[in-house]
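Accompanying notes for the structure given below.
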Number of protein chains: 2
Amino acid sequence: MKIQGKSYRSIWEDASGRIMVIDQRKLPHRFKTLELNQWQDTAAAISNMTVRGAPLIGVTAAYGLYLAICDASNDNWLLALKKASEALQNTRPTAVNLAWALRQQMLSIHASMSKKEASERLLNNARQLANDDISVCKRIGESGLKLIREIANRKQGGVVNILTHCNAGWLGCIDWGTATAPLYMAHHEGIAIHVWVDETRPRLQGARLTTFELGQENIPYHLITDNAGGLLMQQGKVDICLLGTDRTVRNGDVANKIGTYLKALAAYDNKIPFYIALPSSSIDWEIERGSDIPIEERDANEVKQVEGQGQLGIDRVSISPDNAAVYNPGFDITPARFISGLITEHGICKASEAGLLSLFPDLNKS
Amino acid sequence: MKIQGKSYRSIWEDASGRIMVIDQRKLPHRFKTLELNQWQDTAAAISNMTVRGAPLIGVTAAYGLYLAICDASNDNWLLALKKASEALQNTRPTAVNLAWALRQQMLSIHASMSKKEASERLLNNARQLANDDISVCKRIGESGLKLIREIANRKQGGVVNILTHCNAGWLGCIDWGTATAPLYMAHHEGIAIHVWVDETRPRLQGARLTTFELGQENIPYHLITDNAGGLLMQQGKVDICLLGTDRTVRNGDVANKIGTYLKALAAYDNKIPFYIALPSSSIDWEIERGSDIPIEERDANEVKQVEGQGQLGIDRVSISPDNAAVYNPGFDITPARFISGLITEHGICKASEAGLLSLFPDLNKS
């Protein structure tokens with residue numbers, strides 16, 4: 001997608017083969033790219049949130065192992081890789097995508113390979129991982145686009161108003177994003193859309209990243225507080241809700257950024273379609289229902305302090321009494337009955353076990 | 001209620017007769033009281049948000065007219081009062097309570113009075129207005145206390161978990177508050193309660209003021225983002241929701257701080273009682289249903305910038321792109337069907353025209 005008129009991915013190789021990323025910690029206030037020169041740079045980028053989002057973290061780690069072998073000597077490269085892989089895994093121990101990407105890389109090589117052979121394999125895998133993610137997002141976009149096109153047709157050229165929460169955008173993937181892919185495709189096709197962007201407290205990914213993404217692509221949007229969406233739906237100002245997810249379980253319940261459930265309730269009360277976009281890799285077939293998903297509690301300072309652009313640069317202000325007690329759950333569960341459908345790279349299905357199995361028949365086992 | 005162990009009202013006369021208020025702009029980071037010495041000080045305090053909340057604004061303006069007559073000469077005091085009244089009205093032109101308090105004051109005096117007589121009248125009225133508000137809040141508290149007591153009995157001494165939004169507290173009234181009055185009374189009675197405090201974006205009245213109020217009274221609470229309440233209700237961690245309102249209309253629909261509707265939906269979905277506390281003065285008998293209430297749109301900077309305690313004092317940080325478009329509606333409408341009951345100074349009734357008329361039979365006219 002575009003930034004300052006130029007097409008970017010969230011991670012890329014530049015003309016001289018350097019691995020580059022966007023420093024997402026400084027967005028939307030400053031746009032800065034960063035070279036990842038050694039595997040240690042990739043570990044730092046993951047742990048200090050220079051890069052974020054499951055797919056981007058996975059691809060960054062995959063490139064990290066390629067960088068690790070480049071710096072290793074010809075005879076101990078496998079040991080160097082094992083050490084790097086372990087260190088990368090420890091940057092975000094609970095990130096499933098990260099563990100998966102590292103495992104794929106390590107499984108693709110073996111001791112009998114030359115260092116050159118192994119390093120080519122690791123580079124190709126990293127590229128493939130990035131391209132696969134882009135392809136998945138594109139196919140999600142094409143499915144979601146149909147929904148937007150239908151609404152545009154029904155409104156006979158009237159603007160299609162879409163509400164989204166958090167950032168299920170291309171900055172957390174490699175390109176297109178998940179929930180945002182249909183928006184970009186609709187806009188590129190000339191459909192008039194307008195996006196309501198939930199700011200998404202506490203970490204404000206909507207205010208910081210989704211606004212930035214949409215603005216750079218010249219898609220009209222309004223930033224709103226997380227409190228405002230219900231009123232907008234009551235007033236008929238939302239045609240469809242399109243959100244991402246961290247995890248979809250077997251019965252179609254969805255775990256997503258805290259606050260998603262409230263928007264689903266409002267959409268349901270006002271008969272507004274509520275769709276979740278997801279790569280099939282985020283389906284957790286092992287968990288039967290949403291209430292079985294453990295809820296991560298996050299740091300109190302995410303709530304007590306707000307970060308942003310101050311007079312002297314990026315700064316933080318405290319918004320509550322210093323000794324305030326805080327409870328900060330990271331996501332909530334939206335029951336399947338409030339979800340109009342799941343948009344995957346294999347098409348759209350009902351949010352139910354039967355719906356999921358209709359798209360993924362090979363997984364028809366209990 | 002207490003601050004630093006000492007009982008306060010939000011506006012009071014000190015031992016030497018000075019009119020004092022709390023500078024609420026600096027809360028919760030600094031507690032500072034301020035003398036209102038001339039009527040111009042009261043106008044400034046209202047317009048710059050040193051004082052806020054409908055009842056407190058009304059009482060402050062009423063004291064303002066008393067201060068205006070004190071400074072006027074013996075022969076032109078009525079003209080001086082008229083000028084002051086007009087200027088005070090213009091500090092917050094849409095504040096119904098402010099207009100009402102000023103009108104009551106002006107109607108209570110007439111040209112044939114001596115300045116001394118008129119000034120005594122104005123002072124007594126201001127005191128009476130403050131005392132009336134306290135009495136209303138106290139009666140709301142007594143009604144709401146019954147609900148909490150019932151839950152405590154049912155839970156056999158288990159902690160009663162109450163969720164609230166914004167600040168319907170004593171700082172915006174004179175004492176007790178509306179939605180908070182039952183909490184203070186339950187706590188004083190020894191009932192174990194715990195409060196979930198919505199931070200209440202954009203102006204963060206929950207994070208700033210409700211936390212401060214509860215902390216100073218030693219009531220256990222946790223500050224949460226506005227997004228979190230739905231999850232807490234799903235998890236059975238909320239026993240009752242208690243909120244205030246700006247305006248209740250004839251059919252029982254309620255206008256309150258943006259985000260209230262989302263909490264009402266979540267309470268309804270999880271079968272949790274959802275009550276609104278209100279003084280009968282905020283019932284608007286002229287409006288038939290909530291959808292007829294005009295929604296005030298507020299300044300974009302309330303969303304784009306967050307104010308708080310920075311390293312160098314009270315500061316602001318920008319959380320979105322500088323050119324971000326913002327929509328910032330001030331309140332939303334909660335349909336009566338999601339409201340378990342209205343808690344008024346005359347008791348609790350159903351959120352319906354019949355319910356309201358059962359408490360206020362004299363108003364049984366269409």
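The values are calculated or read from the model by the stated rules, or taken from the named source; none is laboratory data. Just so it is clear, the model here is predicted, and its values are computed rather than measured. Cβ: placed from backbone, ideal geometry, glycine included. Neighbour counts: every protein chain shown. Quick note on the areas: whole protein, heavy atoms, side chains included, nothing else; ligands and nucleic acids left out. Shrake-Rupley method; radii C 1.70, N 1.55, O 1.52, S 1.80 Å.
Could you tell me whether segment B:244-261 includes any residue that is open to solvent by 10 Å² or more (accessible area, probe 1.4 Å) and either outside the structural domain of residue B:343 (by TED's automatic domain parsing) or hydrophobic (A, V, I, L, M, F, W, C) (or both)? Within segment B:244-261, not a single residue is open to solvent by 10 Å² or more (accessible area, probe 1.4 Å) and either outside the structural domain of residue B:343 (by TED's automatic domain parsing) or hydrophobic (A, V, I, L, M, F, W, C) (or both).
For residue A:1, state whether it is more than 17 Å from residue A:314 (Cβ to Cβ), more than 18 Å from the chain's Cα centre (by Cα), surrounded by 15 or more Cβ atoms within 10 Å (Cβ to Cβ) and modelled with pLDDT of 95 or more. Write out each step before concluding.
Numbers: more than 17 Å from residue A:314 (Cβ to Cβ): yes; more than 18 Å from the chain's Cα centre (by Cα): no; surrounded by 15 or more Cβ atoms within 10 Å (Cβ to Cβ): yes; modelled with pLDDT of 95 or more: yes.
Criteria not met by residue A:1.
Search segment A:268-320 for residues being within 12 Å of chain B (Cβ to nearest Cβ), surrounded by fewer than 15 Cβ atoms within 10 Å (Cβ to Cβ) and under 30 Å from residue B:315 (Cβ atoms), and hand back the single one that is modelled with the lowest pLDDT. Selected residue: A:312. So, residue B:259, is that one within 18 Å of the chain's Cα centre (by Cα), among the small types (Gly, Ala, Ser), within 9 Å of chain A (Cβ to nearest Cβ) and within 22 Å of residue B:203 (Cα to Cα) or not? Spelling it out, residue B:259 is indeed within 18 Å of the chain's Cα centre (by Cα), among the small types (Gly, Ala, Ser), within 9 Å of chain A (Cβ to nearest Cβ) and within 22 Å of residue B:203 (Cα to Cα). Among the conditions (1) touching a helix residue (DSSP H, G or I) at 6+ places or on another chain (Cβ under 6 Å); (2) more than 8 Å from chain B (Cβ to nearest Cβ), residue A:337 misses just one, which is (1). For segment A:197-220, filtering for residues that are open to solvent by less than 20 Å² (accessible area, probe 1.4 Å) and either facing chain B (nearest Cβ under 8 Å) or of a type in the set (S, T, N, Q) (or both) leaves 9.
Considering the conditions (1) modelled with pLDDT of 95 or more; (2) among the hydrophobic types (A, V, I, L, M, F, W, C); (3) assigned to a strand (DSSP E or B), residue B:357 is excluded by exactly one of them, (3). Considering each residue of segment B:225-233 in turn, none proves to be open to solvent by 10 Å² or more (accessible area, probe 1.4 Å) and not assigned by TED's automatic domain parsing to the domain that holds residue B:33. Close Cβ contacts (under 8 Å, 6 or more residues apart or on different chains) running from residues in segment B:75-101 that are touching a residue at least 24 places away in the same chain (Cβ under 8 Å) to residues that are acidic (Asp, Glu) comprise B:94/B:296. For segment A:229-248, the criterion of being within 10 Å of chain B (Cβ to nearest Cβ), closer than 20 Å to residue A:333 by Cα and touching a Lys or Arg at 6+ places or on another chain (Cβ under 6 Å) is met by at least one residue. The residue list A:157, A:177 contains one member that is at positive phi and surrounded by fewer than 19 Cβ atoms within 10 Å (Cβ to Cβ), which is A:157.
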